Amino acid sequence: MFDVEKIRKDFPVLQQKVYGNPLIYLDNGATSQKPRVVIEKINSFYSLTNSSIHRGIHFLSEQATTEYESARNRVKEFINAEHDHEIIFTAGTTASINSVAFSFGEKYIKAGDEIILTEMEHHANIVPWQMLCDRKGCKLKIVPIDDNGDLLLEDFEKMFTPKTRILAITHVSNALGTINPVREMIKTAHANNVPVLVDGAQSIQHGVVDVSDLDCDFFVFSGHKIYGPTGIGVLYGKEKWLEEMPPYQGGGDMIKNVTFEKTTYNDLPFKFEAGTTNYVGAVGLAAALDYLTETGREEIEEYESELTGYAHGKLSQVEGLKFFGTSANKIGILSFLIDGIHQYDAGMIIDKLGIAVRTGTHCAQPVMDHFGIDGTLRASLAFYNTKDEIDRLYEALLKVKQMLGT
Ligand code: PMP
């Protein structure tokens, strides 16, 4: 039985008041809050285990290395990858995508080649590919969306040519909440001999992700959006690609042998982990994944889906409120505007009532351009949010309308 009140007690940050009101945190798409087990794990690691990994023969170094490598194994199990060495620890989704865009680009992309993205990508899955295009003279092709925020799949299927080298697509849109049919899209791409990178920054925290079942070539996500620490992220890549791709950064740990004449690179996964990595972040991330597994990933998905339906129903009762992102298949991201009210004005009033929502373009400017707007208010839900909090958001929006005279 999913007990949200019990779960809320695991998150210290949720226990506080903001401007005299109980905090209602609805900015989970930007970053999520941390359960006590994650905070305590980081504390105990720094208190008892901290040491540089892979390099020392002393007790602490061996312990830290063991914990780091078992965190890698934990991630591998969580996403059902085939091998531990297919899990690369990075600083986050952005770092993971930059790494693939550089390394894959160096190896496989030349002038005139094509990369397929979608109109609903986060800037992190646009700009690294644009930078690659500037370096190599390749070009981007963009799958358009309709006004519900769904991809136009017929257009997508016609986009492949012999020059298409990679498809990079978000699993879930951070601005609209749409869950894309990535499994089918990966099949189409593979039928055209094109590998696929899936940006999982907004999907992995909301349900079960199985990279073997998806058959994606790369899957990336950030620790901080899945109740883990910030500054840690994951790049999953199929062994065959990671073996062939050159490293992204040079330095310690990614080498086997260095002379001034020639350097040989380390085996996977270390080839892609130059320098002292965020090993504390990795261990904290593993604690977050354990917490989610114990809470029940299917139960979380079910609870969030019900809460999302409730939130849509409730907010649609606000006169003049318009949703952006009305796909039949979506997660708990509610992007909206209220007639005649600027998002920043509404966001500021709501904040004073203790409610944290996001305002702006959500780093997805092309989505805003599609709808001809300069931003939205965004309430993004987590499994510790409640119907009562949605009711308070609803009341706050009525107050906004009353105060701004519409
Ligand atoms: N992709 C998507 C879909 C996102 O929502 C985000 C974060 N808002 C990112 C990429 C970038 O993640 P990070 O800032 O953690 O690197």
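Among residues that are among the polar types (S, T, N, Q), away from the ligand (no atom under 15 Å from the Cβ) and open to solvent by 10 Å² or more (accessible area, probe 1.4 Å), Thr359 is not included. Assess whether Tyr25 counts as being open to solvent by 60 Å² or more (accessible area, probe 1.4 Å) and either in the same structural domain as Gly332 (by TED's automatic domain parsing) or out of contact with any Gly (no Cβ under 8 Å at 6 or more places or on another chain) (or both). So Tyr25 does not fit the description; no. Screening the stretch 212-227 for residues that are surrounded by 24 or more Cβ atoms within 10 Å (Cβ to Cβ) and over 13 Å from the mean Cα position of the chain (by Cα) and picking the one that is farthest from the ligand (Cβ to nearest atom) gives Asp217.
Of everything listed in (1) over 23 Å from Ile204 (Cα atoms); (2) free of Cβ contacts under 8 Å to residues at least 12 places away in the same chain, the single unmet condition for Ile142 is (2).
The residues of the stretch 77-104 that are among the β-branched types (Val, Ile, Thr) and part of a helix (DSSP H, G or I), listed by number, are Ile79, Thr93, Thr94, Ile97, Val100.
How about the stretch 216-267: which strands (runs of 3 or more DSSP E) wholly inside it have at least 2 residues that are within 20 Å of Asn174 (Cβ to Cβ)?
218-222, 233-237
Would you call Glu154 closer than 21 Å to Phe219 by Cα, at pLDDT 95 or above, open to solvent by 30 Å² or more (accessible area, probe 1.4 Å) and not in a loop (DSSP other than H, G, I, E, B)? Full working, then the answer.
Numbers: closer than 21 Å to Phe219 by Cα: no; at pLDDT 95 or above: yes; open to solvent by 30 Å² or more (accessible area, probe 1.4 Å): yes; not in a loop (DSSP other than H, G, I, E, B): yes.
Answer is no for this residue.
Within the stretch 54-76, does at least one residue satisfy the condition of being within 16 Å of the ligand (Cβ to nearest atom), part of a helix (DSSP H, G or I) and open to solvent by less than 30 Å² (accessible area, probe 1.4 Å)? Steps first, please.
Restricting attention to the stretch 54-76, the residues satisfying the condition of being within 16 Å of the ligand (Cβ to nearest atom) are 75.
With part of a helix (DSSP H, G or I) added as a condition, the list becomes 75.
Cutting the leftovers down to open to solvent by less than 30 Å² (accessible area, probe 1.4 Å) gives us 75.
The answer is yes, given that some residue of the stretch 54-76 is within 16 Å of the ligand (Cβ to nearest atom), part of a helix (DSSP H, G or I) and open to solvent by less than 30 Å² (accessible area, probe 1.4 Å).
Just a yes or no: is a residue in the stretch 376-390 open to solvent by 70 Å² or more (accessible area, probe 1.4 Å), assigned to a helix (DSSP H, G or I) and not polar (S, T, N, Q)? Yes, there is a match, as at least one residue in the stretch 376-390 is open to solvent by 70 Å² or more (accessible area, probe 1.4 Å), assigned to a helix (DSSP H, G or I) and not polar (S, T, N, Q).
Selection of the stretch 247-260 for residues being open to solvent by 40 Å² or more (accessible area, probe 1.4 Å) and more than 24 Å from the chain's Cα centre (by Cα) yields Gly250, Ile255, Lys256, Asn257, Val258, Thr259, Phe260. All conditions in (1) within 16 Å of the ligand (Cβ to nearest atom); (2) touching a Cys at 6+ places or on another chain (Cβ under 6 Å) hold for Val100, with the sole exception of (2). Taking the condition in contact (Cβ under 8 Å) with a residue 24 or more places away in the chain, away from the ligand (no atom under 16 Å from the Cβ), in contact with a helix residue (DSSP H, G or I) (Cβ under 8 Å, 6 or more places away or on another chain) and open to solvent by less than 50 Å² (accessible area, probe 1.4 Å), does Asp147 pass? For Asp147, the condition - in contact (Cβ under 8 Å) with a residue 24 or more places away in the chain, away from the ligand (no atom under 16 Å from the Cβ), in contact with a helix residue (DSSP H, G or I) (Cβ under 8 Å, 6 or more places away or on another chain) and open to solvent by less than 50 Å² (accessible area, probe 1.4 Å) - is not met.
Every listed requirement among (1) surrounded by 24 or more Cβ atoms within 10 Å (Cβ to Cβ); (2) away from the ligand (no atom under 16 Å from the Cβ) is met by Gly177 save one, (2). Only one of the numbered conditions (1) touching an Asp or Glu at 6+ places or on another chain (Cβ under 6 Å); (2) not in a helix (DSSP H, G or I) is violated by Gly275, and that is (1).
The values are calculated or read from the model by the stated rules, or taken from the named source; none is laboratory data. What you see is a predicted model, and the numbers here were worked out from it, not measured in a lab. Methodologically, a virtual Cβ is constructed for each residue, glycine included, from the backbone with ideal geometry; neighbour enumeration extends over all protein chains shown. Only protein heavy atoms, including side chains, enter the accessible area calculation; ligands, DNA and RNA are left aside. Shrake-Rupley method; radii C 1.70, N 1.55, O 1.52, S 1.80 Å.
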